[in-house]
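Trainee: This structure is in structure tokens; I'll ask about it shortly.
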There are 2 protein chains.
Amino acid sequence: MSLLVIGTVALDNVKTPHGARRGLLGGSAAHFCMSARLFTNVHLVAVVGKDFPRKHIQFLKRQGVDTSSLIEGDGKTFQWDGEYKKEDLNSALTLATELGVLVGFEPRVAHHQKKLPNVFLANIDPDIQMGLLKMIQRPKLIGLDSMNLWINHKRESLVKLMKHVDLFVANDGEARALTEERNLIKAAKKLRRMGPKMIVVKKGEHGVLFYCDDFMFSFPAYPVEEVVDPTGAGDTFAGGLMGYLSTVKKFNERELKKAALYGTVLASFNVQGFGMSKTAPLKLTQVHQRMKHLIKFISH
Amino acid sequence: MSLLVIGTVALDNVKTPHGARRGLLGGSAAHFCMSARLFTNVHLVAVVGKDFPRKHIQFLKRQGVDTSSLIEGDGKTFQWDGEYKKEDLNSALTLATELGVLVGFEPRVAHHQKKLPNVFLANIDPDIQMGLLKMIQRPKLIGLDSMNLWINHKRESLVKLMKHVDLFVANDGEARALTEERNLIKAAKKLRRMGPKMIVVKKGEHGVLFYCDDFMFSFPAYPVEEVVDPTGAGDTFAGGLMGYLSTVKKFNERELKKAALYGTVLASFNVQGFGMSKTAPLKLTQVHQRMKHLIKFISH
């Protein structure tokens, strides 16, 4: 069943120990689409500027993404300049951020998208995320991601929003910042009490922790030796997770574990190249091949 | 089959967010014994001082540890003063170290211990570890642990020693320091090329990574909400790993995975109390109970 995502579409300038790239297609929603599209029809709600290369829009369409609600604002596309140092490829240093058309972005949703059964609120201002939720009929599954910026500066909006979602995705730093708990299991339990029934803590190279009232589980990350560019790994993970969940009937332990494994595999492809260079050409058969390796790697 | 361990026996003064304790029985070899004894007969090679409480020796004997080669040196017992801060329970701050009888310690091995089939060189000066190896007949399995102090100050001795062992256990920081590789898979491969056929990287709250030429695997840590005192968790892990391996015929993937899971479970008990308060009373049935939970937690 189809999946709608709201978030950012960006032009990224990235520097890592493996080199530098400018003008990469990036942003939370774009990276999300690139893995979710492998499982289901994905509808993108986002804004770009007048400078946004047409080839990127063509590319998204070719990948099967419904761009009916990708609007062109008056101004420049959101731009992110980041760097990863050799010592810690897990955390990005933001060198510059130009919000551009993100300022004052009012999402629009086409008529045929208002009843989509699965929705993901990828990282963007929580007020914008809430604005989208108000425009659509209550879907079957709502997922949410955020970031430290909003935890620190729009905590109230975020906390309010959390009461309306089913699944919350956070990296370890965000989970700790939002709950003021160092221990991730305690942090996950606190996040659960804030609203969402399902909590997914992404730990980067250390894998993932899932928590809900009935069970919890954890998987290590897929073993990648050469991390080229981790930008968008968390969004790519969320795309695999939500993409797979959009195809299942019941969110039971078996399906949630499978969804987390898909997210893990997709994130591992993402970090092996700049931007979407490794996720864009992916076919599901390659994902399944790597899934087999992952399962051997984690089986007891 | 029996297992001989050389390492430190210490009196620990520990401070954690859960309180402070003085004069705890500690040290790498003592913590190792406390979990290895659940699987096999353990022989302890170590030195204590004239101040070492007789009750600790009685305690070790009651736990089934062969103390024939636990000698009393002329001076004070090795003492470690450490603290763990709330922000990072994974890493200890050493406040003070009094080597005492460790200085000039020359291990002795009783006649009946010279042909024991399994040996673990727990953390202690690599020259002392090498001294022990020279005193015994080539065992079936030799494991080795070390620490940053020796990596930095006795690197040459440690590197030489690594060529003589089968299994090397290191935490993530040590693996990185010894190989100058940030990526743990690359680090494990480099450690393999330094000699030991089997590499075990302990990642604390993030679990364990195992590497050998034929396969690799990773498990998350057992989910513990209240970490009371992590002192000795790595040694307790090694005791479970080596203890179980001492009972198996072939070091194949299945048995090595099981050994790593035993180590994981035992380390989780260790961190839940000060010193050996949680590992000393343990019976194998409790270990198996927790093993069931762990397997549910990590199964795909």
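Read the figures in this text as sums done on the coordinates, not as results from a lab. A quick note: this is a predicted structure, and the numbers were derived from the prediction, not measured. In this analysis, Cβ positions are derived from the backbone assuming ideal geometry, glycine residues included, and neighbour counts consider all displayed protein chains.
Trainee: Nearest 5 is fine: what % of DSSP beta bridges in the protein assembly as shown come out antiparallel, could you say?
Mentor: Numbers: 38 of 100 bridges.
Within the protein assembly as shown, antiparallel bridges account for around 40 percent of the total.
Trainee: Let me test this: with uniform point scatterers at the alpha carbons of the range B:115-195, what is the Debye-based log₁₀ I(q)/I(0) at q = 0.17, 0.26 1/Å?
Mentor: Summing over Cα pairs of the range B:115-195 leads to -0.62, -1.32.
Trainee: Can you figure out the FRET efficiency of residue A:63 with residue B:292, using R₀ = 30 Å and their beta-carbon distance, to the nearest 0.05?
Mentor: Calculated value: 0.10.
Trainee: Right, here's the next one. Give me the net charge for the shell around residue A:24: Cβ to Cβ below 15 angstrom, other residues only, Lys and Arg +1, Asp and Glu -1.
Mentor: So the surrounding residues net to -2.
Trainee: Straight-line reach only, C-alpha to C-alpha below 24 angstrom: list the lysines that residue B:115 could link to, leaving out same-chain residues fewer than 8 apart.
Mentor: Answer for residue B:115, where 24 Å is the Cα cut-off: B:61, B:134, B:140, B:160, B:163, B:197, B:249, B:250, listed by chain and number.
Trainee: Please report, in whole Å³, the volume per residue of the convex hull around the C-alpha atoms of chain A.
Mentor: Hull volume normalised by residue count: 123 Å³.
Trainee: With label points built 7 Å along Cα→Cβ from the Cα atoms of residue A:153 and residue B:152, find their separation and express it in nm.
Mentor: Those two pseudo-labels are separated by 4.0 nm.
Trainee: Expressed as a whole percent, how much of the Cα-Cα distance distribution for the range A:1-145 exceeds 27 Å?
Mentor: So the portion of pairs separated by more than 27 Å is 21 percent.
Trainee: So, one more: To the nearest 20 debye, what charge dipole does the protein assembly as shown have about its Cα centre, counting +1 at the Cβ of each Lys and Arg and -1 at the Cβ of each Asp and Glu?
Mentor: For this selection, approximately 1900 debye.
Trainee: Relative contact order for the range A:3-298: what percent, with Cα pairs under 8 Å and sequence separation of 6 or more?
Mentor: Reported as a whole number, the value is 18 percent.
Trainee: Using the beta-carbon distance between residue B:299 and residue B:81 and R0 = 41 Å, what value does 1/(1 + (r/R0)^6) give for FRET efficiency, to the nearest 0.05?
Mentor: 0.50
Trainee: When a/c is below 1.5 the answer is rounded, else prolate if a/b is larger than b/c, else oblate, so apply that to the range A:148-199 with a ≥ b ≥ c taken from the square roots of the Cα gyration tensor eigenvalues.
Mentor: oblate
Trainee: Separate question: So, with +1 on the Cβ of K and R and -1 on the Cβ of D and E, and no other charges, what is the size of the charge dipole of the range A:97-218 about its Cα centre, to the nearest 20 debye?
Mentor: Dipole of the range A:97-218, to the nearest 20 debye: 500 debye.
Trainee: May I ask you to report, in nm to one decimal and beginning with the shortest, the distances from residue B:19 to the same position in the other copies, taking label points 7 Å along Cα-to-Cβ?
Mentor: So the distances to the same position in the other copies read 5.8 nm.
Trainee: Still on this structure, please answer the following. I need two numbers for the protein assembly as shown: Rg to one decimal and Dmax as a whole number, Cα atoms only, in Å.
Mentor: 26.5, 86
Trainee: Now a separate question. Put the label 7 Å from Cα along Cα→Cβ for residue A:112; what are its distances to the other copies, in nanometres, shortest first?
Mentor: Label point to label point, same position, other copies: 8.4 nm.
Trainee: Sequence-distant or interchain residues sharing an amide H contact under 5 Å with residue A:70, placed H: which?
Mentor: Those qualifying (amide H under 5 Å, at least 5 residues apart or on another chain) are A:46.
Trainee: To continue, here is another question. Can you run phi through the Karplus equation (6.51, -1.76, 1.60; θ = phi - 60°) for the range B:195-211 and list ³J(HN,Hα) in whole Hz, with x for Gly and Pro?
Mentor: Whole-Hz 3J(HN,Hα) from phi for the range B:195-211: x, x, 6, 10, 10, 10, 9, 8, 10, x, 5, 9, x, 9, 10, 10, 9.
Trainee: Taking the rotation axis that maps chain A onto chain B, which residue of A brings its Cβ closest to that axis, and at what distance in whole Å?
Mentor: Nearest-to-axis residue on chain A, with distance in whole Å, is A:206, 2.
Trainee: At residue A:299, label 7 Å along Cα→Cβ: distances to the other copies, nm, ascending?
Mentor: Copy-to-copy label distances at residue A:299, shortest first: 1.4 nm.
Trainee: Are there GluC sites (Glu not before Pro) in the range A:1-110 that DSSP puts in a loop and that have at most 10 other Cβ atoms within 10 Å, and which ones?
Mentor: A:87
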